[in-house]
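Data first, discussion second: the structure below is written as structure tokens.
The values are calculated or read from the model by the stated rules, or taken from the named source; none is laboratory data. Note that the coordinates shown come from a computational prediction; the quantities given were computed from them, not determined experimentally. Using ideal geometry, Cβ is built from the backbone for each residue, glycine included, and neighbour counts are taken over all protein chains shown. Just the protein is used for accessible areas: all its heavy atoms, side chains included, with ligands, DNA and RNA removed. Shrake-Rupley method; radii C 1.70, N 1.55, O 1.52, S 1.80 Å.
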Amino acid sequence: MSDTIDKFEKKFQESRLQYIKSLPGKISEINLIWNQLNTSAWRLEVILKMRNLAHNLSGSGGTFGFHELSEQAKQLEQELDMIKINNDGIADEESITKINDLLISLQEASLHTIQVYPSIPASLSKTNLVYILDTDKDSSLGMSRQLLYFGCNVKIISDISTLASNIQNSTPLLIIIDTEFANLMFKNYNVIQTLRKEWLLTCPIIYISRSNSFEDRIIAIKEGANAYFNKPIDISLLLERINILTNAHIVEPYRILLVEDDLQLANLYSLILERGGLKVFVETISEQVINRILDTNPELVVIDLSMPKYNGIELIKVIRQHQSLFTLPIILLTSEKDVNIQFLATEIGVDVFLTKPITEKHLFDSILNRVQRSRYTNISITKDSLTGLFVHKKINEYLAEQLHLCKRYNTPLSYIIIDLDNFKNINDTYGHLTGDSVIITLANFLKISVRVTDFVGRYGGEQLVCICPETTAKAAFNIIERLRKHFAAINHYYEDQTFRVTFSAGIASFPKFQDQDIMMAEADKALYKSKDNGRNQSTIA
């Protein structure tokens with residue numbers, strides 16, 4: 001009998017452990033649905049899905065003995081049962097505020113459950129809670145919704161007492177402070193010094209401000225701010241800076257291509273880098289380097305000087321012959337200490353020169369620092385500051401890369417161009433700020449609606465682009481038609497008025513169109529057919 005009990009207890013504890021390991025995924029799914037509701041239509045079936053997830057979490061949490069988690073999920077379930085949808089088809093502000101608070105509490109209960117269970121790896125217990133200290137409600141809500149899309153749990157705080165009570169309950173991943181809030185709430189005190197010394201906070205702190213003056217930036221540095229952003233905030237750059245400051249991996253992992261003929265050494269380097277959250281591809285054959293770069297699209301390449309047949313210097317020269325790879329960051333690894341070799345490496349475009357043997361920390365830090373700066377620079381150049389989407393140049397580069405893969409592996413691809421209907425009338429009627437808000441809404445709607453493997457960019461003005469790998473023209477048509485109908489049901493706001501906006505789309509696909517320029521031109525023609533035929537529709541080229 002005792003053996004049976006022991007076996008049951010062992011299985012129960014194993015199941016309990018698996019349940020706890022699944023908690024971050026369960027919480028993320030609930031947060032994702034909540035973000036979808038906040039950025040698109042408040043559909044009853046989506047609210048019901050979120051309510052059912054909370055219901056299941058409440059029941060399962062109680063079954064496994066996690067009563068705090070179960071209670072928080074139960075409160076969320078009850079609030080979703082009572083959610084109020086106003087005449088415009090969206091939830092009222094009171095409901096949104098309550099549910100935001102409950103989601104924070106649920107996240108905290110989940111983290112507490114993970115932390116108190118000794119068998120769970122420490123990496124699972126990281127908080128992704130961000131505090132925004134700002135008295136500007138519209139600004140902080142807009143930033144909060146963008147951060148929620150990337151998996152951050154955001155708490156907006158507008159007074160000192162709320163800040164104090166929250167800090168007692170949970171330590172944030174990061175704090176974003178508006179300088180006007182700091183001046184108003186902390187008077188003449190150094191806000192960062194207060195948070196560090198009196199409240200013992202060690203997390204990174206970012207200042208945001210409407211001022212872009214040199215003097216204010218110097219003050220931020222002297223007070224100890226880890227970064228400074230000028231309003232309106234470029235969310236893409238903010239997310240990347242949060243990623244750098246916290247190593248929270250709220251954006252996709254950095255992609256590294258390692259060119260090393262010694263497989264054992266390559267595996268060791270990969271282990272060191274992957275342990276730090278980087279995504280590593282390995283190539284051992286010199287002749288395959290260019291194809292490997294095109295296939296994996298790395299953000300940095302690490303090349304060993306002593307490669308067989310063709311050495312690292314020759315490989316780098318070949319890489320630099322390709323115009324699209326001319327600025328690709330490259331690190332050269334070598335045991336060679338000849339200064340002349342180092343000078344030659346610098347002349348041909350090597351960014352960093354690392355001498356072997358190299359410590360794990362030196363290798364990781366050198367690669368991480370270089371790839372962080374590279375991505376940050378790339379984002380500022382290639383991402384649109386209004387929407388956070390890739391710009392025209394990046395769209396062309398990505399389409400070229402994907403067509404290369406399609407031709408190589410004989411897989412379909414669809415290119416979709418989207419244009420807001422009657423956009424000039426929106427600007428003329430409601431003003432350019434409202435027009436910008438409509439573009440941002442469409443951008444966010446597309447980002448949360450398409451697959452992870454799909455690419456969304458801003459072609460220019462009110463035109464956006466979706467590039468869908470492994471998608472036929474018919475499948476692309478079905479996707480964009482579904483999105484078109486959903487977007488047309490979204491309410492947009494101007495003062496006390498609401499209005500709706502539609503879009504038209506044109507689709508061109510591989511293998512019917514194999515040339516990039518022709519594909520883009522044909523999609524454009526299809527778009528204008530949609531416009532000529534009455535707008536608010538999609539056409540296949």
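Some observations on this one:
- Rounded percent of accessible protein surface that carbon and sulfur make up, the stretch 312-433, 1.4 Å probe: 54 percent
- Projected area, mean over directions - the stretch 230-343, Cα convex hull, nm²: 9.2 nm²
- Over the chain, dividing the summed -39,500 (n - 2.57) contributions of all DSSP H runs of at least 4 residues by the number of residues returns a 222 nm mean residue ellipticity of -17500 deg cm²/dmol.
- Placing one equal scatterer on every Cα of the stretch 436-506 and applying the Debye formula, the log10 ratio I(q)/I(0) at q = 0.13, 0.16, 0.19, 0.23 Å⁻¹ is -0.39, -0.58, -0.79, -1.12.
- Its residue count N fixes a reference of 2.2 N^0.38 Å for the stretch 303-394, and the Cα radius of gyration divided by that reference is 1.27.
- Computed on the stretch 340-480, with alpha-carbon pairs under 8 angstrom and 6+ residues apart, the relative contact order is 27 percent.
- Cβ-based net charge around Ala521, under 14 Å, with every Lys or Arg adding one and every Asp or Glu removing one: -1
- Hydrodynamic radius by Kirkwood, which averages 1/r over all alpha carbon pairs of the chain, in angstrom: 26.2 Å
- Kyte-Doolittle mean at least -0.5 and Cα axial length at least 15 Å: DSSP H helices in the chain: 44-63, 93-116, 137-149, 235-246, 263-275, 432-449, 473-488
- Per-selection Rg to Rh, the stretch 319-368 - Cα, Kirkwood hydrodynamic radius: 1.01
- Non-local lysine pairs in the stretch 343-470, meaning eight or more places apart or on different chains, with alpha-carbon distances under 23 Å, amount to 7.
- Length released on extending from Ser211 to Ser306, taking residue separation times 0.36 nm less the Cα-Cα span: 29.1 nm
- Shown here for the stretch 358-456: trypsin sites (Lys or Arg not before Pro) in loop regions (DSSP other than H, G, I, E, B) with at most 15 other Cβ atoms within 10 Å, namely Arg451.
- The smallest convex shape that holds all Cα atoms of the stretch 456-541, its convex hull, gives 103 Å³ per residue.
- Burial ranking of peptide ranges 469-476, 252-259, 175-182 (average Cβ count within 10 Å, highest at the top): 175-182, 252-259, 469-476
- The packing ranking of peptides 314-323, 73-82, highest mean first, is 73-82, 314-323, where packing means the average number of other beta carbon atoms within 10 angstrom of each residue.
- Net length available on complete extension from Arg535 to Lys317 is 73.5 nm, with 0.36 nm assigned per residue and the Cα-Cα distance removed.
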